[in-house]
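Below you'll find the structure, written out as C-alpha cells, and then a few comments.
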Amino acid sequence: EDSTRENPFTDLDENSFYYDPVMDLYEAGIIGGYTDSTIRTGQGVNRAELITILVKGMGITPAPYRNCFLDVSEEWFAPYVCYAKVQGWVKGYPDGTFHPEWTANKVEVIKIIFKAVGIEADEAEDDEEWYAPYVRKAEELGLINTEFFVAWKEAQRGFAFWVLSEVL
C-alpha cells in the first residue's frame, strides 16, 4: 500500500497485517483511535464498541435512541446499540440484557457485521451450533480458514476492523 499515508497511531506499524484495514477505516472517518494516539489492534473489542464502529462504518448517525435493553439506557453507546437492535442486527439475551461491556467473540463480530451489511447465512441445522452458518459463509467469502478459526475466541479490535474493511 501507499507509504505516504499519514499514520496517526503510535502503535500501528506499516508492516502490521491490520495496517491497511485500520488506515482505510481511519481515512473514511469510521474509527479514530484513543486520545493517547493508539489504536490497540491487539485489545479485545467490547460489544458496545463493535456496534458503534459498525453503525459509523455504515455512514449512519442514529437518532437518540435509548433504553432498548435493561443494561443500555443513556450511555454514549446507547444510540448505536439501540439502532442495531431496531435494525435486527442484535437481539440481546433472553433476560433482556445486551452486556455492552462484554468482549465480543469472533463469531459475534462476523454475525453482527454480516447482518448489518446484508450478507445472508443459511439457518443452522438441528445438530449444529447457532453460529455454524456464519462460519461457513465467512469461509466461503475468504474471511476465515475454519482449520484455524475458533468461533468463541475473544475478538481483538484488529480482527473486527479487518472484517469490517473487507465487507464494506
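The values are calculated or read from the model by the stated rules, or taken from the named source; none is laboratory data. Quick caveat, the model's predicted, so the values are computed rather than measured. When we count neighbours, we look across all protein chains shown, and the Cβ atoms used for this are built from the backbone with ideal geometry, even at glycine. Keep in mind that these areas ignore ligands, DNA and RNA; they rest on the heavy atoms of the full protein, side chains included. Shrake-Rupley method; radii C 1.70, N 1.55, O 1.52, S 1.80 Å.
Of the helices (runs of 4 or more DSSP H) that lie entirely inside segment 1-111, those containing 2 or more residues that are of a type in the set (Asp, Glu) and open to solvent by 20 Å² or more (accessible area, probe 1.4 Å) span 19-27.
Using the structure shown, decide if Lys106 is without any contact (Cβ under 8 Å) to a residue 24 or more places away in the chain and within 14 Å of the chain's Cα centre (by Cα).
Numbers: without any contact (Cβ under 8 Å) to a residue 24 or more places away in the chain: no; within 14 Å of the chain's Cα centre (by Cα): yes.
It is false that Lys106 is without any contact (Cβ under 8 Å) to a residue 24 or more places away in the chain and within 14 Å of the chain's Cα centre (by Cα).
Ala78 is checked against (1) modelled with pLDDT under 95; (2) out of contact with any Ser or Thr (no Cβ under 9 Å at 6 or more places or on another chain) and fails just one. What number does that condition carry? With respect to (1) modelled with pLDDT under 95; (2) out of contact with any Ser or Thr (no Cβ under 9 Å at 6 or more places or on another chain), Ala78 is out only on (1).
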